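For reference, the structure discussed in these notes is given below.
The values are calculated or read from the model by the stated rules, or taken from the named source; none is laboratory data. Remember, predicted model here, so these are calculated numbers, not experimental data. Every residue, glycine as well, gets a Cβ built from its backbone with ideal geometry; the counts of neighbours run over all protein chains shown. Ligands, DNA and RNA are stripped out before the accessible areas are found, and what is left, the full protein with its side chains, is counted by its heavy atoms. Shrake-Rupley method; radii C 1.70, N 1.55, O 1.52, S 1.80 Å.
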Amino acid sequence: MAKIGINIATGSLQQAEMIVGIDLGTTNSLVAIIHPESKMPIALKEHNSSSLVPSVIHFNNAANITVGEEAKNYLETEPHNTIFSAKRLMGKSYNDLKQNAAFFTYKIIDNDDEKLVKVQVGNKFYSPIELSSFILKELKAKAEHILKTPVTKAVITVPAYFNDAQRQATRDAGKLAGLDVLRIVNEPTAAALAYGLGLEKETEKTIAVYDLGGGTFDISILKISNGIFEVLSTNGNTYLGGDDFDHAIVNYWIEELSINDEELKANNSIKQSLRLKAEEAKKHLSFNDEFSTSFNEKELFITKQKFEALIQPFIEQTLQCCTNALKDAALQSTDIETIVMVGGSTRVPLVKHSVSNFFGKEVNDSVNPDEVVALGAAVQADILAGNNKEFLLLDITPLSLGIETMGGLMDVLIPRNSKIPSKAGRQYTTQKDGQGSMRISVYQGERDLVKDNRKLAEFNLTNIPGMPAGLPKVEVSFLINADGILMVKAKELRSGVEQSIEVKPQYGLTDDDVEKMLLESITHAKDDIAIRALVEAKTEGEQILSTTENFLTKNTSLITKDEMLATAAAMQALQLAITMDDKNLIQTKTEELNEITRPFAERAMDAAVGAALKGKQL
Ligand code: ADP
Ligand code: MG
């Protein structure tokens, strides 16, 4: 690729293709590029203004849209027309959000179902994808204005804990904004890249990325070696961030000023304006010991000490996530060599000190925590543009992926915390003679029975040529691409018949769901093992029953009357044991039936050989 120099200051840019990095944040969003001359990542900004575009969208009466700083001004005065934290809605249904409904000052349509939420502004309805696309459009326009060139390709970052649905929603938002989204990258991975960690190829390093933004918290443990960034584990909470600090201050003030509920309800903007004051206080307290301001002719006051007491529980929660992440990575806090701080909220001194104490090390905060993710996205964009070939990125899957097998069991193909991109395959066969199709049901989760996991997709492999049961070889393969999108393929190897689907992620799986699923798998581990053993015994029992029945109808002549009676009795006993769900009894009865029928098989074999010798068709 020809490298063409540009001059950012004068905006003379002739490069044909520019891939930008975008941090689409809950609170703030921004665009970064690799400077073609200095080769350093830089955040794009107009003269004398911030690189940050507040992720706020305002609709005026004519449904005209403004995004960013200007829109933020309406948070107070027009809460119904001013959308903030749209990222929290991505890939969510109303049911997912119910518990947090009070958080949103604008109208979220209460469908009370699993469909994607919509936001109502005036008489119009917007999906979170559309809302995010408005922010992306603004970022695109801003970048084009600064760079004086069309911007059509981008790398967009998402929190590490985003599930497939949320990643896909982000991708769709990009598409709607006219951007070709080349890659969705985890924010912590981008942050590590921005720090240039791993640039010295020989060194191997284990690092932690602590990202506390406005609305989300992510902790990621990465291993960097030979220019490869590998995510060992991730943990976090999409409902924890600097916003919570603001709310804590707001609630404190509401109590201090004895503002009652009626007043709050009567005047919708009180809370919003207190929110903005609280944020001001919080930022002020990062560098000062106390804050005071006037509000509706009253005085608002808070000390740093009080503020720290208010946010202590939130910080504790983040540290608990850190503990979990370390456990998943099978590491001790002392194994972490470098800690990278990301997100505006890590400017709070207590956050920094607490994280530093937790890991027993100084934290790394030399790169602007607001910009670091976008800068890393730009580095990734540069890698994709082919300018930085030595890097490879690996991420991991948060939950196990597998398919349903006999008896509703979960057969895991890709275990949780596997690196992605990832590939796995396994062979299956048919249960019935002449079975022409096979249902492939894809699940995500940690439980032994698929009914306790989450169904992602289902499809039929059809046109399997007629063959006796057990003969077809159906290979099911899973491929997760670098964006975490799963591709499932089923192929009957003897005939070459195949079918594949891209797993359309189902919307509505929250991070809490993921956590709950993991937790349940632990709580139910004992039950699950027992159930799995029972299901396996039943499946085996049913299989031998059907094989025996099959055999009996085809080979009556080879069996004596007594044998027939004994077999029938044993089959009946086994059938009864299966009905009774008694694992031990099933196993005993299966063994007994096996015992009786074993000689039959030999006899049948002899007969077949004899028949073959006589030149008969089998
Ligand atoms: P997100 O990734 O969620 O978009 P950011 O990384 O932009 O969020 O962080 C935004 C959060 O950082 C907001 O809650 C903001 O109030 C907070 N923040 C920014 N500067 C400071 C500061 N100096 N002290 C404390 N909090 C800050
Ligand atoms: Mg962020």
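Provide the gained length on full extension for the span N95 to A604, in nm with one decimal, where the gain is 0.36 nm per separating residue minus the Cα-Cα distance.
Details: separation 509, 0.36 × 509 = 183.24 nm, distance 5.97 nm.
Taking N95 through A604 to full extension adds about 177.3 nm, to one decimal.
Of the trypsin sites (Lys or Arg not before Pro) found in region 113-218, those that fall in a DSSP loop while having at most 15 other beta-carbon atoms within 10 Å are K115, K148, K201. Take the Cβ atoms of Q120 and D261, set R0 to 22 Å, and the FRET efficiency comes out at 0.35.
Once you have the Cα-Cα distance between A62 and D433, take 0.36 nm times their residue separation minus that, and quote the gain in nm to one decimal. Don't jump to the answer; show the numbers that get you there.
Values: separation 371, 0.36 × 371 = 133.56 nm, distance 6.59 nm.
Result for the pair: 127.0 nm of gain on full extension.
What does the helix-only formula give at 222 nm for the chain: each DSSP H stretch with n ≥ 4 adding -39500 (n - 2.57), the total divided by the residues, and the result rounded to the nearest 500 deg cm²/dmol? Don't skip to the answer; put the middle values down first.
Values: 16 runs with 233 residues, N = 618.
Counting only the DSSP helices, I get -12500 deg cm²/dmol.
Hey, what D do you get for the chain in µm²/s if you plug the Kirkwood alpha-carbon radius into Stokes-Einstein at 20 °C and 1.002 mPa s? Don't jump to the answer; show the numbers that get you there.
Values: Rh = 27.8 Å.
Reported coefficient: 77 µm²/s.
Once the piece of chain linking T323 and E458 is laid out straight, how much longer is it, given 0.36 nm per residue of separation minus the C-alpha distance between them?
45.0 nm
Anisotropy class assigned to region 84-235 is oblate, per the alpha carbon gyration tensor with a/c at or over the 1.5 cut-off and a/b no larger than b/c. Beyond 21 Å in Cα-Cα separation lie the following of the pairs K87/K361; K115/K491; K87/K175; K92/K419; K538/K589; K87/K107: K87/K361; K115/K491; K92/K419.
On a 0 to 90° scale, report how tilted helix 242-256 is relative to the longest principal axis of the chain, with both axes built from alpha carbons and the result rounded to the nearest 10. With rounding to tens, the tilt is 60 degrees. Rolling a 1.4 Å probe over the protein heavy atoms gives region 401-522 an accessible area of 46 Å² per residue. Here region 527-613 yields Rg over Rh of 1.07, to two decimals, using C-alpha coordinates and the Kirkwood radius. Taking amide H atoms as placed 1.01 Å from N in the peptide plane, the amide H of L300 lies under 5 Å from those of T293, S294, F295, each 5 or more residues away in sequence or on another chain. Kindly work out what percent of the DSSP beta bridges joining two residues of region 149-250 are antiparallel, to the nearest 5. So the antiparallel bridges amount to about 75 percent of the total.
Restricting attention to the chain, close to 80% of DSSP beta bridges with both partner residues there are antiparallel.
Taking GluC sites (Glu not before Pro) across region 261-299, the ones in a DSSP loop with at most 11 further Cβ atoms lying within 10 angstrom of their Cβ are E297.
For the chain, with all protein chains in place and a probe radius of 1.4 Å, 50% of the accessible heavy-atom surface sits on carbon or sulfur. Here each label is just a point 7 Å from Cα along the line to Cβ, and for K107 and S366 those points are 5.2 nm apart. Taking amide hydrogens as placed 1.01 Å from N in the peptide plane, the amide H of Q435 sits under 5 Å from those of M467, each at least 5 positions away in sequence or on another chain. Rounded to the nearest whole Hz, the Karplus-based 3J(HN,Hα) values (6.51 cos²θ - 1.76 cosθ + 1.60, θ = phi - 60°) of region 452-466 follow the sequence 8, 9, 10, 7, 9, 6, 8, 8, 10, 8, 10, 6, 6, x, x, with x at glycine and proline.
Working note: Karplus 6.51/-1.76/1.60 with θ = phi - 60° gives region 441-451 the couplings 10, 9, 10, 10, x, 10, 7, 6, 9, 4, 5 Hz, where Gly and Pro are set to x.
Determine the alpha carbon to alpha carbon distance for each of K148/K223; K72/K304; K142/K423 and list only those over 32 Å. From K148/K223; K72/K304; K142/K423, over 32 Å: K148/K223; K142/K423. In this simple spin-label approximation, N73 and S273 carry label points 7 Å from Cα along the Cα→Cβ vector, and these lie 1.6 nm apart. A simple spin-label model places pseudo-atoms 7 Å from Cα toward Cβ; at Q543 and A530 they are separated by 2.5 nm. Straight-distance candidates among the lysines for linking to K298, with alpha-carbon spacing under 22 Å and chain neighbours fewer than 8 residues away dropped: K265, K271, K277, K282, K283, K306. In order along region 27-42, the Karplus-derived 3J(HN,Hα) couplings, from 6.51 cos²θ - 1.76 cosθ + 1.60 at θ = phi - 60°, round to 9, 10, 10, 7, 10, 9, 9, 8, 5, x, 8, 7, 6, 9, x, 9 Hz, and Gly and Pro are given as x.
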